[in-house]
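The values are calculated or read from the model by the stated rules, or taken from the named source; none is laboratory data. Treat the numbers as computed from the prediction; the structure is a model and nothing was measured. Every residue, glycine among them, receives a Cβ derived from its backbone with ideal geometry; neighbour counts consider all protein chains shown. For the accessible areas, the whole protein counts, side chains as well, though only heavy atoms, and no ligand, DNA or RNA atoms are used. Shrake-Rupley method; radii C 1.70, N 1.55, O 1.52, S 1.80 Å.
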Amino acid sequence: MQGIEEIKEFLQEPRKVFITMHRKPDGDALGSALALYHYFLAKGHDPIVVSPTDYGVYLHWLPGNPSVLIWEERKKDIQKLIDKAEIIFCLDFNNLGRIEDMGEYIRTSSAMKVMIDHHMEPEGFEDYRLWNPLACATAELVYKFITLLGDEKMIDKNIAIGLYTGIMTDSGSFQYSNVSPEVHRITARLMETGMDHTMIHRNIYDTMKESQIRFFGHCLKNKLVVLPQYRAAYISVTREELKEYNILTGDTEGLVNYTMSMSEAVVGALIVDRERVVKLSLRSKGSFPVNEIAKKYFEGGGHVNAAGGTSYLDLQGTIDKFIEALKEYELLLLNI
Ligand code: 5GP
Ligand code: MN
């Protein structure tokens, strides 16, 4: 295991820096990666950002986005980049299983590996980690990383936009319990670069297509199921519905949060029949641990109040399994 001083020393010379993040990156994963990309560019290194898969168009406006390579589309080229990389940054995940088959190439690479993340139970593949499960976003830790390297003053508008996007999206616009005074201090510092935070909110939250809004409407009117006996609510979506409303990667972002808008609900789920698997997004209030349900029943994980997982059953089978899980947690649910 290396310390920050060794990383600092290693970065004294221009390096080939490979930056990646979890599959289907969200605002925190991609914002953190692009912030780091701009930082390394400014430091005179040779950075590249690789996403394991595609991601929502709601993130395509981020500065630096055109330079991002997609593993699934260019595996051969990217394998060469991994071979040449001198240092690899793994952001917003801590288990190489979360980056498709790219994980094995990274595992066997001889480059220095740095993991910056806030999820539970790190696998431990890295040489250096900046890991804190209490951080509200990986972006908060990327800010700390740049600060630890002594470069806080280098944080410019482009870096700030990526970091603000990460903090804003992962904290539910500064609402979750892991938003500390320190997060607001960091955010204030990011705003001092002159970045336009209103632009970020608009770009992330106010760019829905008409079909997407109508899809949300359809789900809320026709697909929301409330289970008062478990203080739960869920929305399930079929493949046909995804097609009918032309719902692409990232377009369901935010839908699950409506289950939590109901005062009676303590736990909520969005259950979507994707091409080969069924994906679950889970949310909760207070101390109810949806990450436990995600891990135990759906090969997933996440945070106490926001987690996700995968099911290989059909849609109805997955819904039944979700309800089974609620049954097991009934006592806790009723007493929270
Ligand atoms: P979302 O519901 O927004 O897709 O994901 C919420 C959180 O759950 C993510 O930040 C991530 O921590 C976690 N998560 C979602 N899907 C998975 C998964 O398949 N595996 C694991 N380990 N965590 C997941
Ligand atoms: Mn995150």
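Pairs over the 22 Å Cα-Cα cut-off, from the set 113/144; 221/296; 16/75; 75/113: 221/296.
Between 146, 167, 99, the Gaussian network model of the chain with springs among Cα atoms under 10 angstrom shows the greatest mean-square fluctuation at 146. Distance between the pseudo-spin-label points of residue 84 and residue 224 (7 Å out from Cα toward the beta carbon): 5.2 nm. Calculated on the alpha-carbon coordinates, the convex hull of the range 206-336 measures out at 103 cubic angstrom per residue. Temperature 37 °C, viscosity 0.692 mPa s: under these conditions the Stokes-Einstein estimate for the chain, based on its Kirkwood radius over C-alpha pairs, is 159 µm² per second. For the chain, the relative contact order is 13 percent, taking Cα pairs closer than 8 Å that sit 6 or more residues apart in sequence and dividing their mean separation by the residue count.
Normalised by the number of residues in the range 88-243, the mean separation of alpha-carbon contacts (under 8 Å, six or more apart) gives a relative contact order of 14 percent.
Here the dipole of the range 4-205 is about 360 debye; that uses its Cα centre as origin and unit charges on the Cβ of Lys and Arg (positive) and Asp and Glu (negative).
Ligands, DNA and RNA left out, the 1.4 Å accessible surface of the chain is 51% carbon and sulfur atoms.
Among 184, 45, 118, the largest mean-square fluctuation in a Gaussian network model of the chain (Cα springs under 10 Å) belongs to 184. Helix 75-84 axis versus longest C-alpha principal axis of the chain: approximately 40°, rounded to the nearest ten. Taking Cβ atoms as reference points and 11 Å as the exclusive limit, the residues near residue 278 contribute a net charge of +2, counting Lys and Arg as +1 and Asp and Glu as -1.
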